[in-house]
Amino acid sequence: MSVVRKKSTIFVIAAFCLLPIIAFSALPSEETLPNNHTLAQDAIARQLGWTESTENYCGGYYVEAPFIYPVDGQKSRSTVEVTGEQGMLSQRGTSVLEGKVSITRFGQQITANKAYLYRDPITGKLNAIDLIGNVHLREPNTLVIGKKGRYHFDSAAKSLIDILYRTTLMNNREIAGPATVTQAQMQKERKISALTAWGKAYEFSQTEPRIYELRRASYSTCPPTNPAWKVKASHIVLNKNTGRGYATHARILIKDIPVFYTPYINFPIDNRRKTGFLYPKFGGSNQWGPYLQTPFYWNMAPNYDMTITPGLLSKRGILLSDNFRYLTTTSAGNFDLSVLPNDRFFADFQDAAPGNVPEYNLISGNSNITQAELNRLLKSSTTRKGFRWRDDSQFNENWSSYVNFSYAGDDYYLRDFGNLTQINENQLLQEGDLYYKNEHWNFTTRVQSYQTLHPVDVAPVQNNYRRFPQLILNGDYPDQALGLEYFINTDVTHFEILKTPGSSVIPPLGDRLHMQPGINLPLNWASAYVNPRFQLALTDYNLRQTTDTNTPRGIQRSVPIFDTAAGVTFARDFTLFNNDYQQTLEPQVYYVYIPYRNQANIPLFDTTVSALNYDQIFYYNRFTGLDRIGDTNQIGVGFTSRLIDRETGLEKIRLVIGDIVYFTDRRVTLCNDQSCSDNPDTPSNRYRLSPVSGALLYQLNPQWKFTANSIWDPITKQLANASVAFFYKKDDSHIVNLGYGYARNGNPFSGITLNESDNNIKMTDFSFVWPVIRDLNAVGRWTQDWNTNHFQNLLYGLQYDTCCWAVRMVGGRTFTNLENRTPMYANEVYVQLLLKGLGGIGPDPSGLLSTVTGYNTQTLFG
């Protein structure tokens, strides 16, 4: 054995061995590291490279010192350099290095005070190194500090004893890995503000790249100077290849106080999906009572997954819910299914119903519940179930489809199992569409129905017609000879309907064929346009099940329609207070003539009167649907004026006002019964002026916005409806919304004279998100019905968000119905805790919080 001793010795060892990869961090001082399990928090922070900063959200950040690597373009990235200030060398036995010992490869470095190098006794090649004193392992975005450690050349495995560590956690990939980081980047000091895990451990080992194994360890993502929470476990593994971590015999501590123990926990360290149990959800509501749910996530394939959630509802029993999501090259969608066998609470409600049916009428208090409606309740199964399917598909550039199908097993399902934004829904859409389009034609095949819910304790709801099926074919040929445009709209629909429970009315059924060809001549200039148009509406009905003996089974209708739209835009630029603006004035004129055709014997399959607004002034038909085409000879006049910031393009002010002048009375109505509000003899059908429609938008800047809309009747000199709203959003933590709405005769009830003030809707809606103190936000929403003097919706909550953890406490109440003139409400309470880098605990109130305009529910807990 030969031994050489020098004052300063440098050894270069080339080895093509694979070392694991992670990022650099600041090297602490070269002093001998004390026992890491007895270090104070400020000493731990210093060792890990933590720098405090009042400007940083976490109160500081980690600093990565430059990675010292000799610049030599000829060397391979797999070359390993071993250096030291002095040593004793042995060709066959053990060599010793002392003083700033460094083992370096591109993107990796291990340093220590002293190292023992061991050779294979047969080949004489280096196979292991023992490192003693102040051992630092540095890789991209990772630092491990220990008292001693070992590195194996053949397997690239390494282990350290009595360690501190930190490693950056990213959503998908780390900030930089050896495959992307450059020498120039590594040789610069960098700040790390991303979510970073740190802790202590008795032993650290790494046998595979990006997999860290810790024994008798702690784990936290809080700043090292103030760890609000941590996990202590006998064994922790962080696998950055899979994006998951797990711990055994783990305790969760809040401020060093143990609050939870589990023999095994599996948690995400990025946002990749992995099969396993998610954190339990718990909460309470007056519909469920206290409840507990334990979701299981199944990552079936990269493009589809499933979440199965069994839950214990203290008032009702065991609820099983399932959500399946899929994404293919042509389709995206999801299925939701929920089943609860033997609902105890619902069974009690059924038993009490025969002798305790609530009054449904909000004003008169008269109960009109029929035996048929009561029997519907009593025959409902206590096995509660619901289903929903959403799908969007694009098969190629021409063909696509859409599915929106919801089903409830009984009339009370949404009230009992929907969230507070759904409990008042009574029409569940069940629709499937197939679309085709090309340059000139588009075709739709639609099957559509509504499942109408009929709870006995709310006002009766009429069933809607089904479209089984509806075929729509539209063609458009612009830019033809002489600048003409030819078009045709075709609709063929078969209508069916189920009889409304308790109703004696037998609704008609039938088929409707509608064709509407037309021709127009669009004339467009730089700042003006004129568009005359002629259409012919041809409709044929084949009716069945009509109770009126005077109504023929076959009805034909032909209505010519002539209209002309014209407009001009005036603009001027000016400067005000050193700001450049453009102001526009855009008058519009719309004339339409439609002769009278008697349509009183045509049933109403999908038609009602359109609510008047500014856009309705420039549309030819005052009815929605195709069962009525209103006769008229009218001209609509409107003005739009805008103020635009020329530098930012922001529309600061938009003012619109418009009115319709009628030259004849309107005779076509929804019906000719004297009780109908749109009877031809109703005075409003003989007025020569429509209500005046106006709207105002004012944006002081992108954060502040004010809107106002109104419909004013110049004949009665009364407001028909009006709304004003104020919006402020600086960011996701500073939001204020305030609105007021009024509608005259907008809330009619049986037994109330049409013009009584009790029919008017007067509603305010106030919502906000605002910081209370640093890191603590308050959120709320209050919707008040001033006509009935009770609130419709109430939402209140607090959200505390720090660098490493967050908690949301949200409560809500929603009006459901009146019982003996007493408002009844559905109540829910949510508590959701998020330990960043470990996961979230509790139910997600995002559906409730989404009712606050402008609030991003995914900012924190997404």
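Past 29 Å, Cα to Cα: identify those pairs from Lys274/Lys730; Lys255/Lys729; Lys191/Lys255, in the order given. Over 29 Å apart, Cα to Cα: Lys274/Lys730; Lys255/Lys729. The shape of the range 248-331 comes out oblate: with a ≥ b ≥ c from the C-alpha gyration tensor, a/c is at least 1.5 while a/b does not beat b/c. Backbone amide hydrogens, once placed in the peptide plane, bring Thr632 within less than 5 Å of Ile594, excluding anything fewer than 5 places away on its chain.
Residues whose amide H falls under 5 Å from that of Asp410, counting only those 5 or more places apart or on a different chain, are Lys385, with hydrogens built in the peptide plane.
Kindly flag which residue pairs out of Lys499/Lys762; Lys379/Lys499; Lys281/Lys762; Lys125/Lys148; Lys100/Lys125; Lys281/Lys385 have an alpha-carbon separation exceeding 29 Å in this structure.
On the way: Lys499/Lys762 34 Å; Lys379/Lys499 17 Å; Lys281/Lys762 38 Å; Lys125/Lys148 23 Å; Lys100/Lys125 23 Å; Lys281/Lys385 20 Å.
Violating the 29 Å Cα-Cα cut-off are Lys499/Lys762; Lys281/Lys762.
Rounded, prolate or oblate: which fits the range 328-507, taking a ≥ b ≥ c as square roots of the Cα gyration tensor eigenvalues, rounded meaning a/c under 1.5, else prolate when a/b beats b/c? Cα axes put the range 328-507 in the prolate bin. With contacts taken as Cα pairs under 8 Å at a separation of at least 6 residues, the range 328-507 carries a relative contact order of 18 percent.
Cross-link partners of Lys230 among aspartates and glutamates, defined as those whose alpha carbon lies under 12 angstrom from its own and excluding same-chain residues fewer than eight positions apart: Asp256.
Taking the average, over residues, of other Cβ atoms within 10 Å as the packing measure, peptides 621-627, 607-613 rank 621-627, 607-613 from highest down. Of the residues Ser331, Ser767, Ser159, the one with the fewest other Cβ atoms within 10 Å heads the list, and the complete ranking is Ser331, Ser159, Ser767.
Packing order of peptides 237-248, 644-655, highest average first: 237-248, 644-655 (average count of other Cβ atoms within 10 Å over each peptide's residues). Rounded to the nearest 20, the size of the Cβ-charge dipole of the range 328-507 about its Cα centre is 560 debye, with Lys and Arg at +1 and Asp and Glu at -1. Taking every C-alpha pair closer than 8 Å and separated by at least 6 residues, the mean separation divided by the residue count of the range 439-485 gives a relative contact order of 45 percent. Expressed to the nearest 5 percent, the antiparallel share of DSSP beta bridges inside the range 328-507 is 100 percent. Using a cutoff of 8 angstrom between alpha carbon atoms and counting only pairs six or more residues apart, the relative contact order for the range 466-513 works out to 37 percent.
A short reminder: the numbers here are calculations on the coordinates, not readings from a lab. As the structure is a prediction and not an experimental result, all values here were calculated from the model. Please note: Cβ atoms are built from the backbone with ideal geometry, for glycine as well, and neighbour counts cover all protein chains shown.
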